[in-house]
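The structure under discussion appears below in the form of structure tokens.
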Amino acid sequence: MCPFGPVERALKESSLVIFDLDGTLFDLEVDWKGLLNEMAIIAYESRHVGPFRDLVEAYEWCRGRERAKERMLLVQREYEGKDLKKASRLLPGTKAARWRLSRGRMCSIFSLNTSDTADGLVSSWGFYPIVTVDRTDRSKPDPEGLMRAMSARGVGPDRTVFVGNSERDREAALRAGVMFIDVKDIREEWFA
């Protein structure tokens, strides 16, 4: 009999664990409201009227509008990069990731953040692949990023776990057929 519960076992024994970035591994200090306002201005120039509720809605609007997506990514990189040094580690998620990586276990990233942000925070940790909003055609909750990570690692959904912090993360996992673990359910002492 295994001495630990299903969440701890999944984190330690799954072939691949894919982590979200902001809200799961790090807490980023980004002016999301200001970013969304600037994205709405970009969209307004293309006759979109009204604000975006979130990044997913903004990038869904960009589908088929490559020039608009490029402009929005530039703005997002700027906003995320302003205070990147102020990002704080969220210990349950980072302890789980560090524990796995230190044992040569496969870990990936699937995030709505930009590749610049991911690279600035975790480029030396050993995550592969790092799938970000600028490296996918579709945003969460579409499972494209999860499928890409599994494909790059040659691992199926039945041996993969996605750790996140939002309903979009949960829905992406469900659509991809992978187990979802809310980062709030992870205990630091499991990885002491």
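No value in this document is a laboratory result; all are computed from the given coordinates. The structure presented is a predicted model; accordingly, all values stated were derived computationally and were not measured. So basically every Cβ, Gly included, is an ideal-geometry build from the backbone, and we count neighbours across all protein chains shown.
The base-10 log of I(q)/I(0) for the range 32-82, evaluated at q = 0.15 Å⁻¹, reads -0.32 [Debye formula, identical scatterers on Cα atoms, solvent excluded].
Spin-label model, Arg159/Glu57: points 7 Å from Cα along the beta carbon direction are separated by 4.1 nm. Taking a spot 7 Å from the Cα of Glu167 along the direction of its beta carbon, which residues of the range 126-150 have an amide N less than 16 Å from it? Residues 140-142 qualify, since their backbone N sits under 16 Å from the label point.
Find out how many positive minus negative residues lie around Trp99, taking Lys and Arg as positive, Asp and Glu as negative, among other residues whose Cβ is under 13 Å from that of Trp99.
Values: positive: Lys12, Lys95, Arg98, Arg100, Arg103, Arg105, Arg187; negative: Glu8, Glu13, Glu188, Glu189.
For residues surrounding Trp99, the net value is +3.
Going from the residue with the fewest nearby Cβ atoms within 10 Å to the one with the most, Val49, Val178 rank Val49, Val178. Lys-Lys pairs in the chain that are eight or more residues apart or on separate chains and whose Cα atoms lie under 29 Å of each other come to 25. GNM on the chain, C-alpha springs below 10 Å: top fluctuator among Asn113, Asn165, Asn37? Per the Cα network of the chain with a 10 Å cutoff, Asn37 tops the list.
Using a Förster distance of 30 angstrom, determine the FRET efficiency expected from the C-beta separation of Trp99 and Arg67, and round it to 0.05.
On the way: r = 43 Å, r/R0 = 1.42.
The computed FRET efficiency comes out at 0.10.
Spatially, the range 147-188 and the range 76-132 are offset by 15 Å when compared through their Cα centroids. When the square roots of the Cα gyration tensor eigenvalues are ordered a ≥ b ≥ c, the ratio a/c for the range 80-192 is under 1.5, which makes its shape rounded.
Within a Cβ distance under 10 Å of Leu36, other residues only, what is the Lys/Arg minus Asp/Glu net charge? Working shown, then result.
Numbers: positive: Lys33, Arg53; negative: Asp31, Glu38, Asp54, Glu57.
In short, -2.
The ranking of Ile41, Ile181 by Cβ neighbour count inside 10 Å, starting from the fewest, reads Ile41, Ile181.
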